[in-house]
Amino acid sequence: MSTRKTAIITGATGVIGKAIARQMAEKNFRVFVVARNEDKARQTVQNIKSATGNPEVDYLLIDASRKSSISEAAAKWQGPLDVLINNAAATPRRREETPEGIEMQFATNVLGYFWMTEYFTPFLKMSAAPRIVNVASYWAGDLNIDDLECKNQQYNNNNIYRQSKQANRMLSVAFAEKLKNDGISVNAVHPGEVNSRLSNNLGFGGHESPDLGADTPVWAATAIELEGVSGKYFEYRRETICRFGKDKMLVEKLFEICQRY
Ligand SMILES: NC(=O)c1ccc[n+]([C@@H]2O[C@H](COP(=O)([O-])OP(=O)(O)OC[C@H]3O[C@@H](n4cnc5c(N)ncnc54)[C@H](OP(=O)(O)O)[C@@H]3O)[C@@H](O)[C@H]2O)c1
């Protein structure tokens, strides 16, 4: 039985996720790297172990765009979970669908966070002061509640991405409210601008380091001063007013739509 606190990080084979996972291992967490590609997962785990000397780093194979994959992983999970960091996201240049027929960005960036939260909540409830951190973005907006899967408009990966990141921020507020009686705090963060496949697909570079990108997510997951703080949005460790969480009816509508998938 480990004495370390346990953290799960999705998208941990990506640029920011890798840095988040390594920083959590440096903070002496037992770290589970979530990945869909086993070779990348093994390599990431090995690199983090060698860089940090923390032997309790492992991986979970999950396709974050598929509910069945998340529920299967949760069914095998045992024991308390202290931190869940939802970070996996995709920005395909052309419209793609999952095998279930769900548009890929909505499935991965929005429903992936939603399902990870739902399926791992029972384990978060077993922890003393559990936290969920949703890696969102300042680059967010224009959510079309009637066309979340981009069925009735020309696909533009940037527009759908901004919509998905608005949804992350809205659903963080929704989950913060719904999970408050379980003592689970839920916050959203902007990580920073980091050069990655995701940002390149959107036509951006990124001038900030992966470690800076990981800094706010890790701070939100661990800072003592954030104990009991929930439903907030942070950029560079600073609370930033988020207008997306304020329209409670729209937040609830989005939550209900996600529940139906
Ligand atoms: N980069 C920026 O400037 C920036 C700015 C604001 C917010 N963000 C946010 O930061 C987070 C991380 O982005 P990043 O820049 O680090 O991107 P990235 O390097 O492209 O990493 C994305 C990660 O998500 C994983 N992923 C994608 N689809 C998946 C699926 N279906 N199942 C499991 N894993 C999946 C990828 O796995 P594979 O390795 O298998 O592809 C990869 O590990 C995202 O939530 C993004 O919205 C980034």
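The values are calculated or read from the model by the stated rules, or taken from the named source; none is laboratory data. Everything numeric here is computed off the predicted structure, so don't read it as measured data. Cβ: placed from backbone, ideal geometry, glycine included. Neighbour counts: every protein chain shown.
Miscellaneous remarks
- The condition of being out of contact with any Ser or Thr (no Cβ under 7 Å at 6 or more places or on another chain), among the charged types (D, E, K, R) and buried (at least 20 other Cβ atoms within 10 Å of the Cβ) does not hold for ARG95.
- Taken as a whole, segment 76-86 holds at least one residue that is buried (at least 20 other Cβ atoms within 10 Å of the Cβ) and either within 13 Å of the ligand (Cβ to nearest atom) or on the phi > 0 side of the Ramachandran plot (or both).
- Screening segment 6-41 for residues that are closer than 18 Å to ALA136 by Cβ, within 13 Å of the chain's Cα centre (by Cα) and within 9 Å of the ligand (Cβ to nearest atom) and picking the one that is surrounded by the fewest Cβ atoms within 10 Å (Cβ to Cβ) gives GLY14.
- Pairs linking a residue in segment 235-261 that is more than 24 Å from GLU118 (Cα to Cα) to a residue that is assigned to a strand (DSSP E or B), with Cβ atoms under 8 Å and 6 or more positions apart or on different chains, are GLU235/VAL189; GLU235/HIS190; TYR236/HIS190; GLU239/TYR233; THR240/HIS190; THR240/TYR233; THR240/PHE234; ILE241/TYR233.
- Whichever residue in segment 87-106 is in contact with a strand residue (DSSP E or B) (Cβ under 8 Å, 6 or more places away or on another chain) and either touching a residue at least 12 places away in the same chain (Cβ under 8 Å) or part of a helix (DSSP H, G or I) (or both) and, among such residues, is farthest from the ligand (Cβ to nearest atom): ARG95
- Number of the condition not met by GLY101 [criteria: (1) closer than 20 Å to ASP63 by Cβ; (2) in contact with a helix residue (DSSP H, G or I) (Cβ under 9 Å, 6 or more places away or on another chain); (3) of a type in the set (Gly, Ala, Ser)]: (2)
- The criterion of being surrounded by fewer than 17 Cβ atoms within 10 Å (Cβ to Cβ) and of a type in the set (Val, Ile, Thr) does not hold for THR216.
- Test: GLY231 is more than 7 Å from the ligand (Cβ to nearest atom) and part of a loop (DSSP other than H, G, I, E, B): yes
- Criterion: within 19 Å of GLU252 (Cβ to Cβ), out of contact with any Ser or Thr (no Cβ under 7 Å at 6 or more places or on another chain) and modelled with pLDDT of 95 or more - qualifying residue of ALA176, ALA129, ALA188, ALA140: ALA140
- Scope segment 189-207; condition near the ligand (Cβ under 6 Å from one of its atoms) and in a loop (DSSP other than H, G, I, E, B); matching residues: PRO191, GLU193, SER196, GLY206
- Qualifying residue in segment 50-72 (condition: among the β-branched types (Val, Ile, Thr), within 15 Å of GLY11 (Cβ to Cβ), free of Cβ contacts under 8 Å to residues at least 24 places away in the same chain and surrounded by 15 or more Cβ atoms within 10 Å (Cβ to Cβ)): no
- Test for ASN134: is it modelled with pLDDT of 95 or more, under 24 Å from LEU226 (Cβ atoms), within 11 Å of the ligand (Cβ to nearest atom) and in contact with a Ser or Thr (Cβ under 6 Å, 6 or more places away or on another chain): yes
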